[in-house]
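Asker: Just dropping this structure here.
The values are calculated or read from the model by the stated rules, or taken from the named source; none is laboratory data. What you see is a predicted model; the values in this text were computed from it and never measured. Here the Cβ is made from the backbone with ideal geometry for all residues, glycine too, and neighbour counts use every protein chain on show. With ligands, DNA and RNA removed, areas are computed over all heavy atoms of the protein, side chains included. Shrake-Rupley method; radii C 1.70, N 1.55, O 1.52, S 1.80 Å.
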Amino acid sequence: MTGKIEILIDHAGPLMRAAVVEDGRLTDLHIDSDDRPSRLGDIVLGRVDRVVTALNGAFVDIGGPSAGLLNAADLRIAAPASRKAARVDASRIGTLLRAGQSVLVQVKAEPGGDKGPGLTMDATLPGRFLVLTPFKPGISISRRIAQGDAKAKLAQTIAGITAGLGGGWIVRAGALNVSAEVLAAEAEALAVKWRNVEQQCGSTAPLPLLSGPAAPIRAVVEQGGRVVSRILVADPGILADLNAWAADMAPDIAPLIERHAGPEPLFERYDLEGEIARLTSRHVPLPGGAGLVIDRTEALTIIDVNGGERPNVLATNLEAAGEIARQLRLRNIGGIVIVDFINLSGRGFESGGQRVLDALSHATADDPSGVNVYGMSKLGLVELTRARRGPALADLLPDLLSNRRDARHSPVGAG
């Protein structure tokens, strides 16, 4: 059962932060840095810089410090006089793209290391309950909604709402619990955004067409159909932006948005500064002296589960699975992750190992970034992958520590 959910938003120093708190416990943290602005989700009219057949891809100028990579698998070519786009044979990329050509792309992955941003021509516009897929017609219902009359009725409702709007639609699980009026308002707002994008496609590239959602909006959108009790905003500029977004995209939540006007800074008032600072530590305590040790390398992240003095190895592993899922989200860990669970030796390995895998899969099922959990080795090692979305919390470490110092020295009445 979902507890009381609050979203707390502030802008201190270079960081815009949106924290999701459920029953007083931090469950999600979205951060944007003014010094390193995210372009994830941006839709851009790009210009092909060069085609590299050896990579089956093309480098595209999107107006940033580094060109983005458009792989052949993410290439779509629209048919004449058609709004549809078709997947193309990767071997033909050299005949389909040329240097100087304008292409409509979306940033699907942030730059990392020596790599520039990853691009796709499969643009999507996400909402709380619906996702518009302009180049993929049809209606796709979330697999989390069980087959039955409710699912069939929802599909029929969406078909009626989106008739004439064009494109395709992904229906999120939260759509099952909201009214047709709310769904219709969101569908129309998303369609209008896409029409505005299309109208700019004749301009000179590179040109930004639509920015990806900022941290406060991401925090709201990713709640989907979960009931939020209130949204507290400390910064008046963010408050105005969020109110404008809600009026356009989510009028049902507009009454929940409030200005924090207390004497203490918002995150200090909710004891979040210390909890966020602890996310920069390698060590995460669990009951009974158990804990996690999280180490990040260039290629992957390693999470070690330590049992402490707890005699029940399986119970410790099961508890660790839930905390691992939480830490992945809060620290925004992406890429390959190796979890070293406590070894389940003996005849209980097979059944116990499966219970741990099931617990980890269940705990990560709601992660918006998408987590794939693979099998457990005889040594208790579990491999998983999590999609990269924006910089990891570790990359923002200097800004976080500086922000904590600023918050401690803020004058009374700040925020």
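Asker: Just to be sure before I move on: is D241 open to solvent by 50 Å² or more (accessible area, probe 1.4 Å), under 30 Å from G64 (Cα atoms) and in a helix (DSSP H, G or I) in the structure I sent?
Answerer: Here the answer is yes, as D241 does meet what is asked.
Asker: Also, quick follow-up: In contact with a helix residue (DSSP H, G or I) (Cβ under 9 Å, 6 or more places away or on another chain) and either more than 20 Å from N332 (Cβ to Cβ) or open to solvent by less than 10 Å² (accessible area, probe 1.4 Å) (or both): which single residue out of V107, V131 fits that description? Talk me through it step by step, then tell me what you get.
Answerer: Numbers: V107 fails: in contact with a helix residue (DSSP H, G or I) (Cβ under 9 Å, 6 or more places away or on another chain).
Only one candidate qualifies: V131.
Asker: If E298 satisfies all but one of (1) out of contact with any helix residue (DSSP H, G or I) (no Cβ under 6 Å at 6 or more places or on another chain); (2) more than 22 Å from A277 (Cβ to Cβ); (3) open to solvent by less than 50 Å² (accessible area, probe 1.4 Å); (4) modelled with pLDDT under 95, what's the number of the condition it fails?
Answerer: Only one criterion in (1) out of contact with any helix residue (DSSP H, G or I) (no Cβ under 6 Å at 6 or more places or on another chain); (2) more than 22 Å from A277 (Cβ to Cβ); (3) open to solvent by less than 50 Å² (accessible area, probe 1.4 Å); (4) modelled with pLDDT under 95 is unmet by E298, namely (3).
Asker: T316 passes all but one of (1) crowded, with 18+ Cβ neighbours inside 10 Å; (2) within 23 Å of R388 (Cβ to Cβ); which number fails?
Answerer: T316 satisfies all of (1) crowded, with 18+ Cβ neighbours inside 10 Å; (2) within 23 Å of R388 (Cβ to Cβ) except (2).
Asker: Take the conditions open to solvent by less than 30 Å² (accessible area, probe 1.4 Å), assigned to a strand (DSSP E or B) and in contact (Cβ under 8 Å) with a residue 24 or more places away in the chain and apply them to I231. Does it pass?
Answerer: So I231 fits the description; yes.
Residues checked against (1) closer than 20 Å to A250 by Cα; (2) among the polar types (S, T, N, Q); (3) in contact (Cβ under 8 Å) with a residue 24 or more places away in the chain:
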residue: A184; (1), (2), (3): yes, no, no
residue: A187; (1), (2), (3): yes, no, yes
residue: W194; (1), (2), (3): yes, no, yes
residue: Q199; (1), (2), (3): no, yes, no
residue: A205; (1), (2), (3): no, no, yes
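Asker: Give the residue, chosen from D271, D295, D241, D248, that is without any contact (Cβ under 8 Å) to a residue 60 or more places away in the chain and at positive phi.
Answerer: Just a single option satisfies the conditions, and that option is D271.
Asker: Kindly indicate the residue of region 139-149 that is outside any loop (DSSP other than H, G, I, E, B) and over 16 Å from E188 (Cα atoms) and also least open to solvent (accessible area, probe 1.4 Å) among those meeting that condition.
Answerer: Step by step, filter region 139-149, then rank; the result is I141.
Asker: Turning to a different aspect of this structure: So, of the residues in region 218-228 that are open to solvent by less than 40 Å² (accessible area, probe 1.4 Å) and not in a loop (DSSP other than H, G, I, E, B), which turns out to be farthest from R128 (Cα to Cα)? Show your work before the answer.
Answerer: Step one: filter region 218-228 for residues open to solvent by less than 40 Å² (accessible area, probe 1.4 Å), giving 219-221, 223-225, 228.
Those still in the list that are not in a loop (DSSP other than H, G, I, E, B) too: 219-221, 228.
Values: A219: 10, V220: 8, V221: 5, V228: 13 Å.
Restricting to residues being open to solvent by less than 40 Å² (accessible area, probe 1.4 Å) and not in a loop (DSSP other than H, G, I, E, B), the top hit is V228.
Asker: What is the residue count in region 276-296 for residues that are farther than 16 Å from L328 by Cβ and within 23 Å of the chain's Cα centre (by Cα)?
Answerer: Number satisfying all stated conditions: 1.
Asker: Only residues in region 39-65 that are modelled with pLDDT of 90 or more and of a type in the set (F, W, Y) count as the first member; pair them with residues that are part of a strand (DSSP E or B) and open to solvent by less than 70 Å² (accessible area, probe 1.4 Å), Cβ under 9 angstrom, at least 6 apart or cross-chain, and list the lot.
Answerer: Partner pairs satisfying both residue conditions: F59/V48; F59/V51; F59/V52; F59/G68; F59/L69; F59/L70.
Asker: Let me ask you something else. Does L154 meet the test of being open to solvent by less than 40 Å² (accessible area, probe 1.4 Å), farther than 22 Å from A72 by Cα and part of a helix (DSSP H, G or I)? It would help to see each step written out before you state the result.
Answerer: Details: open to solvent by less than 40 Å² (accessible area, probe 1.4 Å): yes; farther than 22 Å from A72 by Cα: yes; part of a helix (DSSP H, G or I): yes.
Judged against the criteria, L154 is a match.
Asker: Here's a check for you: in region 251-285, which residue that is open to solvent by less than 20 Å² (accessible area, probe 1.4 Å) and in contact with an Asp or Glu (Cβ under 7 Å, 6 or more places away or on another chain) is farthest from R128 (Cα to Cα)?
Answerer: So the residue we want is V284.
Asker: If you check every pair at least six apart or on different chains, which have Cβ atoms under 6 Å apart with a residue in region 362-377 that is closer than 17 Å to L29 by Cβ and part of a strand (DSSP E or B) first and a residue that is basic (K, R) and open to solvent by 70 Å² or more (accessible area, probe 1.4 Å) second?
Answerer: none
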